[in-house]
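Peer 1: One structure coming up, written as C-alpha cells, with questions to follow.
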Amino acid sequence: MKFSIRRDEFYEALQKVVSVIPQRSTISMTQNILLSAHGGQLELMTTDLEITMVSHVTAEIATEGDIAIPGRLVHDIVRELPNVMLSFSADASYRAELRSDFGQYKIGGENPSDFPRKPALDSVREITLPNEVLKRLIDKSIFACSHDELRPALTGVLFELGENSLRTVATDGHRLATLFYRSDSLPREDFSAILSTRALNFVMRNLEADGVTVIGFGPSHAVAHMGPTRLFARLIDERYVNYNKVIPPETNFDLTVDTSTLLASVKRVSLFSNPITAQVLLRLMPNRMEIQAEDIDYGGEAREEIECNYEGDEFVIGFNSRYLQDLLRHIDAPQVIFHLIRPDFAVLANPGDQPENEDQLMLLMPIRLENV
Amino acid sequence: MPKTTSSWPRVIAHVDMDAFFAAIEVLRNPELKGKPVIVGADPRKGQGRGVVSTASYEARKFGVHSAMPVSRAYKLCPEGIFVSPKGGVYGDYSRRVFEVLESFTPQIQKVSVDEAFLDLTGSIHLYGSVEAIGKAIKAKVLAETQLYASVGIAPTKSVAKIASDYQKPDGLTIVLPDQVQDFLDPLPVSKIWGVGNKSNETLAHLGIRTVRDLRALSREFLDARFGKMGGFLYRMARGIDERDVHDRDPVKSVSNERTFGSDQDDPEVIHGTLLYLSEKVASRLRHQQIKGRTINLKLRFADFSTFSRSKTILQATNLTEDIYKICLGMLETFNLSGKKVRLIGVGVSHLENAAGIQTNFLDQENEKKSKLEAVLDQLQDRFGKTALTHAQTLNARKRRKDHTDSDD
C-alpha cells in the first residue's frame, strides 16, 4: 500500500473520524483507524462498535491496499505537521511509514481484516432533509433525553416518520420535547427508530450549515450521509413510551409571555432558589406573573414581576428552574405560549409563531407544591 | 447437627465491634493496651456531667459501661484513662469496617457506626458453611482494621443480635435454626433486643426472669398487660422475627437535647435554650425538606425525674416559631417553681415531605412510594447551619463546654 496526500486534506479527514475512537476499550482494534486506498480514494474508518464513522479524501494512490493503524498517533503527528506533501506506505507485515520533508515516522499497524466490519444496511428507508431542518429536529428535542440507563429507549431521540412528515421526540419523564416537520419530499409511510444522543451529537458536529443530509434507516442501524462523511449508528432497539398519552388534548388557560424577558427573569430569580430542588414559583395573575424563589436554609429570597397575556384563574405553579430555562432556551420565537390546566398538571409550551410546516411542542411537569 | 444451608430459611449475622472507640484509641496509642480506657466526656475529677461512650474491657471489669455518667465511671475506676471522643477518626475506621462487610453481602443494615446486620443467605454458598463465613468476616475485619468484632449468626435479626453479645469480645456464636428455643430459654428477659428498663421492671415484678418464664405467658395476658408491646414479647420469646435486613427503619422523628452544665431555674436561660433547640430542630427539618405534625417536649429535673409532653397540630410545620410557641405552651403546663432543670429536649415527629417533588409522568402510580423515598433521601442529606439566628438564643448558642448537646 502506498499513497501521497497533502497534509491539510489528510488532517481534515482524520479530524472527522478520530473522535469516535473510544478512550479505552477492551477491544484494542477499536483504537485504530482503518485506512483503505482504492481507486484514487482514501477511506478512513473508526468505530466504537456503536458508532462507525467513515470519511473519504482524494489521494494519489501508487499501490492499493488496506491497513489498521493507531488512530490517535496518526492524527497527532499529522496535526503537528505544516501543509506539506506526505507519503504513506505499508509493507505486507503492516509496518507503516509516513514520510515528509521533515523526516520519517514508523508506525506499527495491524491486519485490516481484523477491523470490525462496516454495519450492513439492507432494506434501507431513506429520507433527505435540509441540514438546517435536521439540526433543528435534533436540537429541539435532544436536551430532554433521559440519562437513566434503566430506560434505554429514553436515552435516545425517537424519529417517527408518518405521512410526509417526521417527528423527533425526547423525554425523561419530567419534560418532553418534540418537533414535527412536514414536507412532500418525505415518504408516505409509517416508521420509527430511536437514535442515541451520542450518535446525534456526532451528526450535529459534522453537519454543514447548508446542503442536505440523507439518512438511511436499516433494521439495526441508521446511516447519515453528510458530504464526504458517513456515520453509521446502532439503533436503540427498545419500545418507546406512548408519549401521546401524556399530552393533554385540551387545556384550560393560555398564557403568552415574552420569551427572553421570562428567561432573563427566571435566570436571576433561580439564583436564590434552593440548589437541590432548584424550585421557582410562578404566580399567575391577570396579565402579570410573579416569579419567585426562596432558599429557606440560607435565607435567600427573590421576587420579580413581569407582564404577560393571561386571563385565566390565579394560581401558583412550581417548576425546576433548570427545566424551565431549558424549555425557554429552545424557543426561537419572541413569544412563548403556555397552556395550563392546574398547578399539579403537565404544562404545554410552544413558540408564539413558527414555520408553517413545523410544530414545536414541549411539555413540562411541575413540582408538586404542598402548602402554598 | 444440621449445618447445611437448606435448613436455614435465612442466614442473618449481627456484627458488633468490640469496645470500638476504646479499641481505636489503643491502636493509636499502644501504651494504652491492657489499661482501663474510657472514651467519653471529661470526668473533671468526678464532677463531669457527660456520659461514657465506650469503655475498654479492662475498664468494664470495674463496672464501667457505656451511657453511664462519667462522674460515676470516675468513682468506679479513678485510675481509668479518660479520653475524649474523636469522631472523625472513628468515622474513618467505621468506613473501613463497612467496606469489609460490604464485600460479604450487599444486604447490610447499618445500626450504628460499629454495628450492622448482614443478610448472608445469598452469600453462604461461596463459603461452604455458616461457620466459615462467620470466621471469614471476623478475620477480614481484623486484617483490614486490626480491630476485633463479635459476630452472631442466626435465622432472625433479634436472635443474631443476642448471639453477637453472647461471647463478647472476639466471639462467634452461631444459633442453628432448630436450636433457637434452647438458646433463648435460659437467657434473662433483659437480653431480648427491644426490652427496655420499663418492660424489664414490669416483667421482674411479675416474677418473669428468663425467656422460658416469658414463654409460659399467654398472648392474651401479654396483650392485656403490655398493650402493643405484648405481641412483640410473645414473638421474641419464641424467636419469631420476620424483619428483613435491608428494611431501613424510616426515621420517625428529629430531636435535639441539651443537658445543662449546671442545673437551671432561670426562666430566661430555659426559654432561650428552648428557642435554640426549636431552631436547631426546625433547621434540620428544613434541610431535610420535611415537616412534622407532632411536637415533643422533654424535661429532666435535677432529681432525674423525666417528663415529656407532646402536641399534634393540623398543619405540619418546620418553622422555628411554630415549634417554639407550642413548646412554650407545653412548658407552661409544668409547675417549675422551686425546681431546677437538668435537661431540655425538643423533637418533632409524624414527619411528612415538605418541599415540592418534581412530578414525572412515567411513574405516576409510584408517586406515593417516591414520596416516602424522597423523605428518606432527604433525611440522609444532612449539612449546614443557619446563617441567621434569634437573638434570644445567643446565650444558648455559645457552646459552653459543660453543656452536653445531642441530636437524634
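The values are calculated or read from the model by the stated rules, or taken from the named source; none is laboratory data. The structure presented is a predicted model; accordingly, all values stated were derived computationally and were not measured. FYI the Cβ positions are ideal-geometry reconstructions off the backbone, even for glycines, and counts take in every protein chain you see. To get the accessible areas, we keep the full protein, side chains included, count just its heavy atoms, and leave off ligands, DNA and RNA. Shrake-Rupley method; radii C 1.70, N 1.55, O 1.52, S 1.80 Å.
Peer 1: Does A:I215 meet the test of being under 22 Å from A:L121 (Cβ atoms) and open to solvent by less than 60 Å² (accessible area, probe 1.4 Å)?
Peer 2: Working: under 22 Å from A:L121 (Cβ atoms): yes; open to solvent by less than 60 Å² (accessible area, probe 1.4 Å): yes.
The answer is yes for A:I215.
Peer 1: From the list A:D66, A:D8, which one is surrounded by fewer than 21 Cβ atoms within 10 Å (Cβ to Cβ), modelled with pLDDT of 95 or more, acidic (D, E) and assigned to a strand (DSSP E or B)? First the steps, then the outcome.
Peer 2: Working: A:D8 fails: assigned to a strand (DSSP E or B).
Result: A:D66 is the single residue among A:D66, A:D8 that is surrounded by fewer than 21 Cβ atoms within 10 Å (Cβ to Cβ), modelled with pLDDT of 95 or more, acidic (D, E) and assigned to a strand (DSSP E or B).
Peer 1: If you don't mind, another one. For the stretch B:173-244, please list each of the helices (runs of 4 or more DSSP H) lying entirely inside it that holds at least 1 residues being more than 24 Å from the chain's Cα centre (by Cα).
Peer 2: Where helices (runs of 4 or more DSSP H) fall fully within the stretch B:173-244 and carry at least 1 residues being more than 24 Å from the chain's Cα centre (by Cα), they are B:180-184, B:197-205, B:211-215, B:219-226.
Peer 1: Something else now. Quickly run through the stretch A:64-83 and pick out the residues that are farther than 24 Å from A:S19 by Cα and in contact with an Asp or Glu (Cβ under 9 Å, 6 or more places away or on another chain).
Peer 2: none
Peer 1: Follow-up question, since we're still on this one. Could you tell me whether the stretch B:52-59 includes any residue that is out of contact with any His (no Cβ under 9 Å at 6 or more places or on another chain), modelled with pLDDT under 90, small (G, A, S) and within 25 Å of B:K161 (Cβ to Cβ)?
Peer 2: yes
Peer 1: Right, next: Under 9 Å by Cβ, and 6 or more places apart or on different chains, what pairs join a residue from the stretch B:133-147 that is part of a helix (DSSP H, G or I) with one that is β-branched (V, I, T) and open to solvent by 30 Å² or more (accessible area, probe 1.4 Å)?
Peer 2: The qualifying pairs are B:G134/B:I174.
Peer 1: Restricting to the stretch A:90-110, and then to whatever is in contact with a Gly (Cβ under 8 Å, 6 or more places away or on another chain) and not in a loop (DSSP other than H, G, I, E, B), can you tell me which residue is surrounded by the fewest Cβ atoms within 10 Å (Cβ to Cβ)?
Peer 2: A:R95
Peer 1: Are any residues in the stretch A:45-63 open to solvent by 30 Å² or more (accessible area, probe 1.4 Å), modelled with pLDDT of 95 or more and touching a Lys or Arg at 6+ places or on another chain (Cβ under 8 Å), and if so, which ones?
Peer 2: A:I61, A:A62, A:T63, listed by residue number.
Peer 1: Right, here's the next one. Can you find even one residue in the stretch A:111-127 that is part of a strand (DSSP E or B) and of a type in the set (S, T, Y)?
Peer 2: Within the stretch A:111-127, not a single residue is part of a strand (DSSP E or B) and of a type in the set (S, T, Y).
Peer 1: Answer yes or no: is there a residue in the stretch B:281-300 that is open to solvent by 50 Å² or more (accessible area, probe 1.4 Å), without any contact (Cβ under 8 Å) to a residue 60 or more places away in the chain and either aliphatic (A, V, I, L, M) or within 14 Å of chain A (Cβ to nearest Cβ) (or both). Talk me through it step by step, then tell me what you get.
Peer 2: Taking the stretch B:281-300 first, the residues open to solvent by 50 Å² or more (accessible area, probe 1.4 Å) are B:293, B:298, B:300.
Now drop any that are not without any contact (Cβ under 8 Å) to a residue 60 or more places away in the chain, which leaves B:293, B:298, B:300.
Okay, now just the ones that are also either aliphatic (A, V, I, L, M) or within 14 Å of chain A (Cβ to nearest Cβ) (or both), so B:293.
Scanning the stretch B:281-300 turns up at least one residue that is open to solvent by 50 Å² or more (accessible area, probe 1.4 Å), without any contact (Cβ under 8 Å) to a residue 60 or more places away in the chain and either aliphatic (A, V, I, L, M) or within 14 Å of chain A (Cβ to nearest Cβ) (or both).
Peer 1: A further question follows. So is A:E301 within 14 Å of chain B (Cβ to nearest Cβ), surrounded by fewer than 14 Cβ atoms within 10 Å (Cβ to Cβ) and more than 34 Å from the chain's Cα centre (by Cα) or not?
Peer 2: Answer is yes for this residue.
Peer 1: In addition: With respect to the numbered conditions (1) open to solvent by less than 70 Å² (accessible area, probe 1.4 Å); (2) over 17 Å from B:F21 (Cα atoms), which one is the sole condition not fulfilled by B:E99?
Peer 2: For B:E99, the exception is condition (1).
Peer 1: Evaluate the stretch B:241-263: report whether one residue or more is surrounded by 15 or more Cβ atoms within 10 Å (Cβ to Cβ), within 29 Å of B:Y57 (Cβ to Cβ) and in the same structural domain as B:L351 (by TED's automatic domain parsing).
Peer 2: The answer is yes; a qualifying residue exists.
Peer 1: Test each condition in (1) over 16 Å from B:A22 (Cβ atoms); (2) open to solvent by 50 Å² or more (accessible area, probe 1.4 Å); (3) among the hydrophobic types (A, V, I, L, M, F, W, C) for B:F117 and report the one that comes out false.
Peer 2: (2)
Peer 1: Further question on the same structure: Keeping to the stretch B:144-162, report how many residues are open to solvent by 10 Å² or more (accessible area, probe 1.4 Å) and not charged (D, E, K, R).
Peer 2: Initially, the stretch B:144-162 is screened for residues open to solvent by 10 Å² or more (accessible area, probe 1.4 Å), giving B:144, B:146, B:148, B:155-156, B:161-162.
Checking which are not charged (D, E, K, R) leaves us with B:146, B:148, B:155-156, B:162.
Qualifying residue count for the region: 5.
Peer 1: How many residues, within the stretch A:316-372, are within 13 Å of chain B (Cβ to nearest Cβ), surrounded by fewer than 16 Cβ atoms within 10 Å (Cβ to Cβ) and under 25 Å from the mean Cα position of the chain (by Cα)?
Peer 2: 1
Peer 1: Which of the residues spanning the stretch B:323-333 are touching a helix residue (DSSP H, G or I) at 6+ places or on another chain (Cβ under 8 Å) and either among the acidic types (D, E) or surrounded by fewer than 21 Cβ atoms within 10 Å (Cβ to Cβ) (or both)? Break it down stepwise before answering.
Peer 2: Let us first name the residues in the stretch B:323-333 that are touching a helix residue (DSSP H, G or I) at 6+ places or on another chain (Cβ under 8 Å), namely B:323-324, B:327-328, B:331.
The answer is B:L328, B:L331.
Peer 1: Quick check on my filter: what residues within the stretch A:25-44 are open to solvent by 10 Å² or more (accessible area, probe 1.4 Å), in contact with a strand residue (DSSP E or B) (Cβ under 9 Å, 6 or more places away or on another chain) and not in a strand (DSSP E or B)?
Peer 2: Answer for the stretch A:25-44, where residues must be open to solvent by 10 Å² or more (accessible area, probe 1.4 Å), in contact with a strand residue (DSSP E or B) (Cβ under 9 Å, 6 or more places away or on another chain) and not in a strand (DSSP E or B): A:S28, A:M29, A:Q31, A:G39, A:G40.
Peer 1: Name every residue in the stretch A:176-191 that is in a strand (DSSP E or B) and at pLDDT below 95, in order of residue number.
Peer 2: Matches in the stretch A:176-191: A:R188, A:E189, A:D190, A:F191.
Here's the yes/no breakdown for (1) within 30 Å of A:E50 (Cα to Cα); (2) more than 14 Å from chain B (Cβ to nearest Cβ); (3) crowded, with 21+ Cβ neighbours inside 10 Å:
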{"position": "A:D237", "(1), (2), (3)": "yes, yes, no"}
{"position": "A:N252", "(1), (2), (3)": "no, yes, no"}
{"position": "A:R268", "(1), (2), (3)": "no, yes, no"}
{"position": "A:Q279", "(1), (2), (3)": "no, no, yes"}
{"position": "A:L282", "(1), (2), (3)": "no, no, yes"}
{"position": "A:E294", "(1), (2), (3)": "no, no, no"}
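Peer 1: Do you know which of the residues in the stretch B:51-95 that are in a strand (DSSP E or B) and within 22 Å of the chain's Cα centre (by Cα) is surrounded by the fewest Cβ atoms within 10 Å (Cβ to Cβ)?
Peer 2: Selected residue: B:P69.
Yes/no matrix, rows are residues, columns are (1) within 11 Å of another protein chain (Cβ to nearest Cβ); (2) in contact with a helix residue (DSSP H, G or I) (Cβ under 6 Å, 6 or more places away or on another chain); (3) modelled with pLDDT under 90:
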site	(1), (2), (3)
B:Q315	yes, no, yes
B:T320	yes, yes, yes
B:N335	no, no, yes
B:G338	no, no, yes
B:V348	no, yes, no
B:D363	yes, no, yes
